[in-house]
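**Student:** Sharing a structure below in structure tokens format, with a few things to ask.
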Amino acid sequence: GDKTYVKGKLGIGTTNPSVELHVDGRFFASQGGIITQEDWSNVPAASSNKNDRFQNSWENYSNTFNQAAYFKDSMGIVHLRGLVKKGTIGTHIFILPNGYRPPKRELMVACTHPNIAGRVDIWNDGKVVAQGGSNLWISLDGITFKAAPAGPVFELPPGGLGGIGGIGGIIGGNVVVNPRG
């Protein structure tokens with residue numbers, strides 16, 4: 001079939017692409033799935049019955065700073081943020097849900113009171129543990145890690161997409177990939 005090749009940067013939904021393929025909006029791949037950017041999920045209060053709630057007396061520091069939260073981007077990278085306090089060092093702050101957990105334990109440097117390095121561990125069972133530092137406050141801002149595979153984020157049909165020419169068109173702001181090109 002017909003193929004289209006683009007040299008340089010291609011913008012879909014943007015007139016100013018910053019990388020080779022810059023999609024501003026949702027992306028749909030036929031015979032695959034939809035890739036979307038999810039919002040932050042705030043860690044619920046300890047009084048909540050949700051599995052990802054605060055535990056071991058940990059809580060948000062104040063409304064002046066980021067609230068404890070997490071999200072996973074379209075590449076499977078989990079991002080944490082927030083400033084927490086009052087829990088017990090060596091215990092878990094909260095538990096990440098399935099699909100947001102690393103394949104193995106991750107050790108992360110975190111800023112803690114009084115502006116020194118502490119440690120936050122992310123266990124493969126989802127526990128986010130304040131391993132070292134001060135419980136007066138510890139920051140989760142900037143902690144990122146690759147989630148263990150929980151199934152494909154984006155499936156390509158056998159033989160791939162035939163280069164950039166597999167892009168079929170734009171429908172309502174979504175990019176539709178046509179593998180039969």
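**Student:** Pairs please, first residue from segment 93-115 and free of Cβ contacts under 8 Å to residues at least 12 places away in the same chain and outside any loop (DSSP other than H, G, I, E, B), second anywhere and hydrophobic (A, V, I, L, M, F, W, C) and surrounded by fewer than 19 Cβ atoms within 10 Å (Cβ to Cβ), Cβ atoms under 6 Å, 6+ apart in sequence or on different chains.
**Tutor:** Val109/Ala117
**Student:** Next up: Restricting to segment 13-47, count the residues that are at pLDDT below 80, surrounded by 11 or more Cβ atoms within 10 Å (Cβ to Cβ) and of a type in the set (A, V, I, L, M, F, W, C).
**Tutor:** Counting residues in segment 13-47 that are at pLDDT below 80, surrounded by 11 or more Cβ atoms within 10 Å (Cβ to Cβ) and of a type in the set (A, V, I, L, M, F, W, C) gives 7.
**Student:** Say we look at segment 44-56 and pick out the residues that are of a type outside the set (Phe, Trp, Tyr) and touching a strand residue (DSSP E or B) at 6+ places or on another chain (Cβ under 9 Å); which of these is farthest from Val84 (Cα to Cα)?
**Tutor:** Asn51
**Student:** Here is a list: Lys85, Lys50, Lys104. Which entry is surrounded by fewer than 16 Cβ atoms within 10 Å (Cβ to Cβ), more than 22 Å from Phe145 (Cα to Cα) and charged (D, E, K, R)?
**Tutor:** Only one candidate passes the filter, namely Lys50.
**Student:** Still on this structure, please answer the following. Scan segment 62-82 for residues that are buried (at least 20 other Cβ atoms within 10 Å of the Cβ), over 13 Å from the mean Cα position of the chain (by Cα) and among the hydrophobic types (A, V, I, L, M, F, W, C) and jot them down.
**Tutor:** Passing the criteria: only Ala68.
The values are calculated or read from the model by the stated rules, or taken from the named source; none is laboratory data. Please read all numbers here as calculations on a predicted model, not as lab measurements. Positions of Cβ are generated from backbone atoms using ideal geometry, with glycine treated the same way; all protein chains shown enter the neighbour counts.
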